[in-house]
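Working notes, beginning with the structure itself.
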Amino acid sequence: MQFKKDIPLSRFSHYKIGGVARFFFEPKNEKEITWAITEAKANKVPVFILGGGTNLLLSDDGFQGLVIKPALMDVKAKGARVNVGAGVLMADLLQYTVKNAMSGLEWAGGLPGTFGGAIRGNAGCFGGEIKDAIISVRSFNPKTMKFVERSAQACAFHYRDSIFKHKGANEIIVSAQLQMARGKATLIKSSIQEKIAHRTKHHPLEYPNIGSMFKNIPLTNLHPASSKAYHAALAKGELSFRGSHFSVKTDPFPVISAAKLISESGLSGVSFGGAMISAKHPNFIVNALEATAFDIKTLLTLAKSTVQQKFGVTLEEEVQIVDSLPETLVNS
Ligand SMILES: Cc1cc2nc3c(=O)[nH]c(=O)nc-3n(C[C@H](O)[C@H](O)[C@H](O)COP(=O)(O)OP(=O)(O)OC[C@H]3O[C@@H](n4cnc5c(N)ncnc54)[C@H](O)[C@@H]3O)c2cc1C
C-alpha cells in the first residue's frame, strides 16, 4: 500500500477549490485505515478526513499532510437493518432504498456528500435528520488505534452536531447501522424526487457550491423566549425587525432565514473575484468563475460584517473552513 502524492484537492471538492494535498489515501476497508494511521503517526504527518467535500472550503494552499478519504462502500441489509460504509454517497444509498423498497431516508433527496459526512454533521432537511434512522455507528480512534461501536444515543446527535464533530481527525467514521421500514418503491422514489425538484428550483446548483454558508438564526437571538415579541412572531409566523419583514419557520426550532438577512442587507448578486453571493439563494456563495478560497472568504466576511451592521445579528458559519494546517494532528 502507498499514499498518493501531490494530489489537487479541487478534484474532490464540490466547490472545485483547494490546493494540493501532500499525501492522499482512500482506504477501502478497516485494515487499510489502521495501516494509514500507523504510517501517519510513525512519520508525524497531520491527517484530515475528507468525505464528499460538499461542506468544506479547502485552502488555496492545500494541506501539508495526509488526506484520508474513506472509501468503504459496502451496503448490506439484514431484514430492515442496513449496514452502510462511510464512503457511500447519499445519492447511491437513496437509490438502494428505492430498489429495495426501504423507507426512512426520503427526506435526504438531493443531499450531496457521503454517508460518513452526513453522520458527522447530523445532516438534515425537510423535517428529517440522519440520526432518526441510526442504530449504531462504528468508528476508528487513531489515538487508541481501536475501533469503537456507539449506540445512536452515545453519538450525542444534536442539531447539525454529533460527538464526531468535536473529535476532528481523532475519530474516523467507518460504517453505521440503519433501521429502515418496509415501504412502496414508487412512493419512496417520488418522495425523493420531490425533494430534488425543490432543491433544483431554489438552489443555485448550476454553479459549484457547498450549500448554505450560514446557519439560520434562532428567533431567540432576536427576542428572548419569554418576551411578548417572541410569542407574537411565533403565533403569526412572521415578524418585522429593523425595517425588514421576515418569515419564522421551524427548522427544527423557530428561526429566521440567513438568506433573507443577506438579501435585505443588499448583498444578493454581489461578487468578488470569481465568487458570487447567489441572487437565487443569497445564503449560497457560489464559485461563478474559477474562484479561489480567498475570493469566497472575502464575500463570507462581507456578508457577516454587513448583516452585523444592519441588523446587529451575528451570522455563524454552517460550512467548515479548512486551513492548510488545521489542528487535526494524530501524532500523540
Ligand atoms: C447543494 C448542497 C445542499 C446541501 N444541503 C444540505 C442540507 O439540506 N442539509 C444539511 O445538513 N447539509 C446540506 N449540505 C451540506 C453537506 O452536503 C452535508 O453537510 C454533508 O453531509 C457533508 O458530507 P460530505 O461527505 O460532503 O462531508 P465533507 O464536506 O467532505 O466533510 C465535512 C466534515 O465531515 C468530516 N468527515 C467526512 N467524512 C468523515 C468520516 N468518515 N469520518 C469522520 N469525519 C468525516 C470532514 O473531516 C469534515 O470535517 C448541502 C451541501 C450542498 C453542496
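The values are calculated or read from the model by the stated rules, or taken from the named source; none is laboratory data. Everything numeric here is computed off the predicted structure, so don't read it as measured data. Backbone-built Cβ (ideal geometry, glycine too); neighbour counts: all protein chains shown. Each accessible area value is taken on the protein alone, full model and side chains, heavy atoms only, with ligands, DNA and RNA left out. Shrake-Rupley method; radii C 1.70, N 1.55, O 1.52, S 1.80 Å.
Explain nothing, just the number: relative contact order of the chain, from Cα pairs under 8 Å at least 6 residues apart, as a whole percent.
The normalised contact order for the chain reaches 20 percent.
When the Kirkwood radius is taken over all Cα pairs of the range 41-175, what Stokes-Einstein diffusion coefficient follows at 4 °C and 1.567 mPa s, in µm²/s?
83 µm²/s
Leaving ligands, DNA and RNA out of it, rank E32, E149, E318 by accessible area with a 1.4 Å probe, largest first.
Reading off the accessible areas and sorting them downward yields E149, E318, E32.
Of the listed peptides 292-302, 207-217, what is their order by residue-averaged count of other C-beta atoms within 10 Å, with the highest listed first?
Ranking the peptides 292-302, 207-217 by packing returns 207-217, 292-302.
Can you classify the range 1-74 as rounded, prolate or oblate using the Cα gyration tensor, where a ≥ b ≥ c are the square roots of its eigenvalues, rounded means a/c under 1.5, and otherwise it's prolate if a/b beats b/c and oblate if not?
In terms of gyration-tensor shape, oblate.
As an exercise, use a Förster radius of 45 Å and the Cβ-Cβ distance of F253 and A71 to find the FRET efficiency, rounded to the nearest 0.05.
E(calc), rounded to 0.05, equals 0.80.
As I understand it, the value is the acute angle between the Cα axis of helix 185-202 and the longest principal axis of the Cα atoms of the chain; what does it come to in degrees, rounded to 10?
With rounding to tens, the tilt is 60 degrees.
What does the C-alpha gyration tensor say about the overall shape of the chain? Classify as rounded when a/c is under 1.5, otherwise prolate if a/b is larger than b/c, or oblate.
oblate
Calculate, in whole percent, how much of the Cα-Cα pair population of the range 82-138 lies beyond 16 Å.
34 percent
Could you give the length gained by full extension between R11 and K146, i.e. 0.36 nm per residue of separation minus their alpha carbon distance, to one decimal place?
So the chain would gain 45.5 nm between R11 and K146.
Evaluate E = 1/(1 + (r/R0)^6) for A232 and S190, where r is the Cβ-Cβ distance and R0 equals 51 Å; express this FRET efficiency to the nearest 0.05.
It comes out at approximately 0.85.
Among W35, W107, what's the order by accessible area (1.4 angstrom probe), most exposed first?
W35, W107
For helix 30-42, report the angle its Cα long axis makes with the longest principal axis of the Cα atoms of the chain; keep it between 0 and 90° and round to the nearest 10°.
In the chain, helix 30-42 runs at an angle near 90 degrees to the longest axis.
Treating cross-link reach as a plain straight distance, find the aspartates and glutamates whose alpha-carbon is under 18 Å from the alpha-carbon of K228, omitting any fewer than eight places away in the same chain.
K228 reaches E238.
So what does H158 come to for accessible area, using a 1.4 Å probe and Å² rounded to 10?
Roughly 110 Å² of H158 is accessible to a 1.4 Å probe.
Once amide H atoms are built 1.01 Å from N in the peptide plane, which residues 5 or more positions from D74, or in another chain, come under 5 Å H to H?
Sorted by chain and number, the residues that satisfy this are G85.
Show me, for the range 104-114, the HN-Hα J-couplings you get by feeding each phi into the Karplus relation (A = 6.51, B = -1.76, C = 1.60, θ = phi - 60°), rounded to Hz, glycine and proline as x.
So the Karplus estimates, Gly and Pro as x, are x, 10, 4, 3, 7, x, x, 6, x, x, 9 Hz.
How much of the accessible area of the chain, in percent, comes from carbon and sulfur atoms when a 1.4 Å probe is used?
Summing carbon and sulfur atoms, their accessible area is 53 percent of the total for the chain.
Please list, ordered by chain and number, the residues whose modelled amide H lies under 5 Å from the amide H of V67; skip anything fewer than 5 residues away on the same chain.
For V67, the qualifying residues are F23, F24, F25, F48.
Can you give me the relative contact order of the range 1-153 as a percent, contacts being Cα pairs under 8 Å and 6 or more apart?
17 percent
Given the pairs K99/K189; K69/K165; K16/K69; K236/K304; K16/K215, which span a C-alpha to C-alpha distance of over 18 angstrom in this model?
Check vs 18 Å cut-off fails for K236/K304; K16/K215.
Amide H of D61 versus every other amide H placed in the peptide plane: which residues, excluding those fewer than 5 positions away on the same chain, fall under 5 Å?
Those lying under 5 Å, H to H, from D61 are G19.
For the range 218-332, what is the convex hull (Cα atoms) projected area averaged across all directions, in square nanometres?
If I average the Cα hull's projected area over directions, I get 9.7 nm².
Based on the alpha-carbon gyration tensor of the range 20-61 and its eigenvalue square roots a ≥ b ≥ c, which shape applies: rounded if a/c is under 1.5, prolate if not and a/b is larger than b/c, or oblate?
Here the range 20-61 falls in the oblate category.
Taking the full set of protein chains and a 1.4 angstrom probe, give the accessible area of L187 in square angstrom, rounded to the nearest 10.
Approximately 110 Å² of L187 is accessible to the 1.4 Å probe.
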